[in-house]
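Here is the structure we will look at.
Readers should treat all values here as calculations from the given coordinates under stated rules, not as data from a laboratory. Everything numeric here is computed off the predicted structure, so don't read it as measured data. Here the Cβ is made from the backbone with ideal geometry for all residues, glycine too, and neighbour counts use every protein chain on show.
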Amino acid sequence: MFRVSSRKILSSMDQSNEILLKSLSDEVIRQMISEENNLLNHRMTWMWTLQGLLFTSIGFLWDKSPVATFFICITGLVSCLSIGYSLRCSVRALHKLERYSKYPDIIMGLDKNSVRLHFLLPWNLLPIFMGSIWVGIGLIIMFQ
């Protein structure tokens, strides 16, 4: 029986992606970076839209149904985890693409060398911050 580990498959896929990226022109890589930036922007927009909807429903249900309010908190926390993970993957893809660009020190409009506190960038901080708020609201509901 023929067995191949998933690590070997992923490693060979990474190697083939590296070869492909090296062969692309800078214009194509720049377009790929632009598309990934658009995806990151859309994910942030959807995060804020969903968070606003969930906070509105919390305000509406606060006195009426503590159980429903608690489930909304769980939904908010899970959405923060999910969106935070997808934002992190997007940033990793951008960093991988920037290695093949002619301008590797500039990514997402920022000079990488001037940014010292990377955890304060919105795609790093906001999902964690919003998730913490949902945990706090959930604890308030539990002990109310």
How far apart, in nanometres, would the label points at V28 and I74 be if each is projected 7 angstrom from Cα along the Cα-to-Cβ direction?
4.7 nm
Those residues of the stretch 122-143 whose amide nitrogen sits under 17 Å from the label point placed on V67, 7 Å along Cα→Cβ
141-143
V135 paired with F119, simple spin-label distance in nm, labels 7 Å along Cα-to-beta-carbon
1.3 nm
First measure r as the distance between the Cβ atoms of M142 and C89, then evaluate 1/(1 + (r/R0)^6) with R0 = 30 Å and state the FRET efficiency to the nearest 0.05.
0.40
Count the net charge of all other residues whose Cβ sits under 12 Å from the Cβ of H42, scoring Lys and Arg as +1 and Asp and Glu as -1.
-1
